[in-house]
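Please treat every number below as a calculation from the coordinates, not as lab data. Given the structure is predicted, the values throughout are model-derived calculations rather than measurements. Cβ coordinates were reconstructed from backbone atoms using ideal geometry, including for glycine residues, and neighbour counts include every protein chain displayed.
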Amino acid sequence: MRTTDAEIDPDAERELLERFEATVGRSDRIEPRDWMPEGYRKTLVRQVAQHAHSEIIGMQPEGNWIGRAPSLRRKAILLAKVQDEAGHGLYLYSATETLGVSRQELTEMLLAGRQKYSSIFNYPTLSYADVGTIGWLVDGAAICNQVPLCRTSYGPYGRAMIRICKEESFHQRQGYELLMTMMRGTDEQRAMVQESVNRFWWPALMMFGPPDADSPNTARSMAWGIKRNTNDDLRQRFVDMTVPQAEALGVTLPDPDLRWNEARGHHDFGQPDWEEFTQVVKGNGPCNAERLAHRRRAHEDGAWVREAALAFAERSAVQQEKAS
Ligand code: FAQ
């Protein structure tokens with residue numbers, strides 16, 4: 001059983017804390033059996049569970065288009081991507097389970113509105129171009145945010161992120177390739193791409209979280225090595241990475257303040273509508289209710305599968321015991 005702060009005397013706790021801080025300071029990994037401060041464990045559960053829920057809820061906007069993909073090839077690609085997202089959710093739930101909380105509990109917290117998922121998945125997918133834009137911008141933002149998380153201080157989370165990032169790179173490229181194909185098509189297709197980019201640009205910037213000055217968790221999470229960069233640093237990295245890709249694609253990013261700043265060596269850009277972000281995170285975005293209702297329905301519809309799997313596991317254990 002995990003040792004909690006309440007069960008150990010103050011001297012021993014100080015020593016454990018020093019050892020923990022030294023491990024984090026050397027950029028070594030904290031592993032599930034290591035002692036950790038309760039706040040560290042709680043922060044990880046919050047962040048990793050939110051990440052896992054995002055992957056699972058994130059299957060819905062693109063899943064909306066599987067039955068309407070324009071060709072067999074596009075359908076196979078989209079199916080594979082959405083299945084990868086399910087896999088990412090499962091690696092991340094497994095990483096969270098090593099912190100002493102079960103997937104069942106996490107799912108219940110999501111469905112009760114006590115845990116969050118990324119704001120981006122509360123926006124609708126209105127055209128097939130959105131499949132490409134999600135790959136390019138949403139997976140692109142996810143990669144920017146997640147590559148540094150491969151070096152996060154908690155071992156199971158960092159190892160899950162290595163595999164996830166490899167797959168996210170493929171997702172980003174498939175999105176870009178789809179948009180490139182549409183941009184080489186008809187005027188109508190080019191207009192669809194531009195309209196889709198206009199809708200997703202600002203929500204993609206919001207994925208990195210609130211500005212640093214309004215981010216209550218960043219300083220603590222960085223001191224613990226959970227996060228490696230601030231929200232604003234990663235947002236800037238994403239903008240700098242995306243502007244030349246937009247030029248190559250031939251689309252305009254919908255920000256009149258976007259321009260290269262020679263002195264800073266970075267692009268200047270405008271601020272997203274942070275009031276809209278707050279509303280979406282609070283549950284008042286365009287698709288929040290629909291996403292959670294769908295997730296709840298899928299969970300209820302899957303009850304018989306969970307019961308059957310449990311019954312099978314119990315019967316197999318009895319049979320194994322009898323055989324030995
Ligand atoms: N949406 O103090 P901070 C993907 C909350 S995966 C909703 O800055 P923190 C793959 C935050 O939780 C996308 N809530 O928080 C894919 C906190 O509230 P709390 C998910 C947000 O944790 C692609 C409060 O605001 N990725 O896209 C958001 O230090 C395509 C204050 O914020 C991850 O989860 C938001 N955007 O930094 C799948 C990456 N931002 O919890 C399908 C891992 C902030 O105190 C299709 N997570 N909040 O009640 C992280 O890096 C961090 O958790 C941040 C937030 C950067 C998201």
Q: Output the Cα-based Rg and Dmax of the chain in Å, rounding Rg to one decimal and Dmax to a whole number.
A: 21.7, 75
Q: At 7 Å along the Cα-to-beta-carbon direction for both E108 and V305, put a label point, then send me their distance in nm to one decimal.
A: 2.1 nm
Q.
So if each residue of separation counts as 0.36 nm, and I subtract the Cα-Cα distance between Q245 and D214, what length gain in nm does that give?
A. 8.2 nm
Q | Virtual paramagnetic centre 7 Å along Cα→Cβ of S316, amide N under 12 Å, in segment 285-310 | A | 309-310
Q) What nm value, rounded to one decimal, do you get for the distance between W260 and N284 when each label is placed 7 Å out toward the C-beta? A) 4.1 nm
Q: Scan segment 176-231 for trypsin sites (Lys or Arg not before Pro) in coil per DSSP, keeping those whose Cβ has at most 12 other Cβ atoms within 10 Å, and list them by number.
A: R184
Q.
Based on Cα coordinates alone, diagonalise the gyration tensor for segment 33-159, multiply each eigenvalue by 5, take square roots, and list the semi-axes in whole Å, largest first.
A. 30, 15, 13
Q: List the aspartates and glutamates whose Cα lies under 18 Å from the Cα of K166, skipping any in the same chain that are fewer than 8 positions away.
A: E55, D84, E85, D139, E177
Q) Can you tell which of G67, G209, G140 shows the greatest fluctuation in a Gaussian network model of the chain with Cα springs below 10 Å? A) G67
Q) When the helices in the chain are scored as -39500 (n - 2.57) per DSSP H run of 4 or longer and the sum is shared across all residues, what 222 nm value do you end up with, to the nearest 500 deg cm²/dmol? A) -20500 deg cm²/dmol
Q | Helix 10-25 axis, angle to the chain major axis (alpha carbon atoms, nearest 10°) | A | 30 degrees
Q: Report ³J(HN,Hα) in whole Hz for each residue of segment 77-90, in order, from the Karplus equation J = 6.51 cos²θ - 1.76 cosθ + 1.60 where θ = phi - 60°; Gly and Pro get x.
A: 5, 5, 4, 4, 5, 5, 5, 4, 5, 4, x, 4, x, 5
(Q) Within 13 Å, Cβ to Cβ, of T242, how many net charges do the neighbouring residues add up to if Lys/Arg are +1 and Asp/Glu are -1? (A) -2
Q: Considering only A52, A313, A223, give the residue with the highest GNM mean-square fluctuation for the chain, with springs between Cα atoms whenever their separation is below 10 Å.
A: A313
(Q) Using DSSP to call loops (not H, G, I, E or B), can you name the trypsin sites (Lys or Arg not before Pro) in segment 43-140 whose Cβ has at most 11 other Cβ atoms within 10 angstrom? (A) R114
Q) Taking the Cβ-Cβ separation of R296 and R151 as r and a Förster radius of 25 Å, what is the calculated FRET efficiency to the nearest 0.05? A) 0.10
Q) If amide H atoms are built 1.01 Å from N in the plane of the peptide, which residues on other chains or at least 5 residues away come under 5 Å of the amide H of H266? A) N261
Q: Please go through the residue pairs K75/K282; K75/K116; K227/K282; K75/K227; K81/K116 and name each one whose alpha carbons sit more than 28 Å apart in this structure.
A: K75/K282; K75/K116; K75/K227
